[in-house]
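Input: a single structure, listed below in structure tokens.
The values are calculated or read from the model by the stated rules, or taken from the named source; none is laboratory data. Nothing here was measured: the structure is a model prediction, and the numbers come from that model. With ideal geometry, Cβ positions are generated from the backbone for all residues, glycine too; neighbour counts draw on all protein chains shown. Please note that ligands, DNA and RNA were not included when accessible areas were found on the heavy atoms of the full protein model with its side chains. Shrake-Rupley method; radii C 1.70, N 1.55, O 1.52, S 1.80 Å.
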Amino acid sequence: MTQQNPVSPAENYQRYFVPAMFTPWARILVEQAAPRPGERVLDVACGTGAVTREVASLVGAGGKVTGLDFSPGMLAVARAQPEPAGAAIEWHDGDATRLPYADGSFDLVLCQQGMQFFPDRAAATREMRRVLPEGGRAVVSVWRSLEHNPVFSALFKATAKYAGADVGTVAVPFMMGDADRLAGLFSDAGFGEADIAIRDLDLSFPSPDRWVQLSVSAAAAAVPVFAEMDEAERREVVNAVKDEIAPVLEAYTQGESLVFPSVTFIVTARA
């Protein structure tokens, strides 16, 4: 029997998380950015390209859209997706803290839920400012803290418990929930006053069990102990987390789907 190739994390991300979470949020981010026809747009930490494809249709054929990510796996999946109408997309492998573009190369910089993962957030924000001309703008989303995202809070706290880690280690996506510090990051990078909007959206996943499995595996991947576990031990962690947060998931289960609120900051900063 021929063994099938395992599905990569980037493919799972595109298959499960992008339709349920990142495409709906991409529409809100791009709506907030209000791109204009003909603009030059950079999507930093583009992942598999949910935001990149969304904005390409709005700037039109006269615009320029570039998606940049440090992960070759994410970019491979991005390139494999159908091309949207509008601007042709260029996909680049690169570092957000050292953008490979000249000063003032873009009119609009977008970043959806990527800033939390940058090793030097201040440097990345300065780079966003550098590649914008005067009057250009950056529009960036980061999750509000766990206290404002109850289902994610339950998941990450239980994952930390059973993976033997501090919650901050596994809940990195939710570690930039302080609006004042976020605004200061953009001010220090040379932007004008940053406007920070709070947006909320109900997310819907067709399989609560699959959501738990993939979310725990993704969150715990940063924990050395979890990485060293064999497949059976990892399943035990996933099952323990699932059992612990079952009452929370039950409260947000509608039919066979998991439907729960999520809250994010969207920063709009002018150069």
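Structure notes:
- Placing +1 on each Lys and Arg Cβ and -1 on each Asp and Glu Cβ, with no other charges, gives the range 81-145 a dipole about its Cα centre of roughly 380 debye.
- Paramagnetic label zone (point 7 Å from Cα along Cα-to-C-beta, GLU31; backbone N under 19 Å) in the range 51-66: 51-59
- Taking every protein chain into account, the accessible area of the chain amounts to 47 square angstrom per residue (probe 1.4 Å).
- The accessible area of HIS92, taken with all protein chains in place and a 1.4 Å probe, comes to roughly 60 Å².
- Dipole-positive endmost among VAL223, LEU75, VAL41 within the chain (Cβ charges, Cα centre): VAL41
- Accessible surface of the range 37-146, 1.4 Å probe: 55 percent of it comes from carbon and sulfur atoms.
- The chain - share of DSSP beta bridges that are antiparallel (%, nearest 5): 55 percent
- Neighbourhood net charge (13 Å Cβ-Cβ; Lys/Arg +1, Asp/Glu -1) for SER71: -3
- Surface accessible to a 1.4 Å probe, GLU228 within the full protein complex, Å²: 150 Å²
- Relative contact order, percent, the chain [alpha-carbon distance under 8 Å, six or more residues apart]: 19 percent
- Electrostatic tally near PRO224: other residues with Cβ closer than 15 Å to its Cβ, Lys and Arg +1, Asp and Glu -1, net -3.
- Every helix of 4 or more DSSP H residues in the chain counts as -39500 (n - 2.57), and over all residues that averages to -11500 deg cm²/dmol at 222 nm.
- Take every Cα pair under 8 Å whose residues are at least 6 apart in sequence, average their separation, divide by the length of the range 1-98, and the relative contact order is 26 percent.
- Read-out Cα extents along the principal axes in Å, derived from the coordinates shown; its label in (1) 52, 41, 38; (2) 53, 50, 37; (3) 58, 43, 34: (2)
- Measuring r between the beta carbons of GLU147 and ALA240 and using R0 = 25 Å, the FRET efficiency lands at 0.60.
- Added length on full extension, which subtracts the Cα-Cα distance from 0.36 nm per residue, ALA222 to ALA251: 7.6 nm
- Taking the range 190-271 and dividing mean pair separation by its residue count, relative contact order in percent (alpha carbons under 8 Å, at least six apart): 64 percent
- Rounded percent of accessible protein surface that carbon and sulfur make up, the range 208-263, 1.4 Å probe: 49 percent
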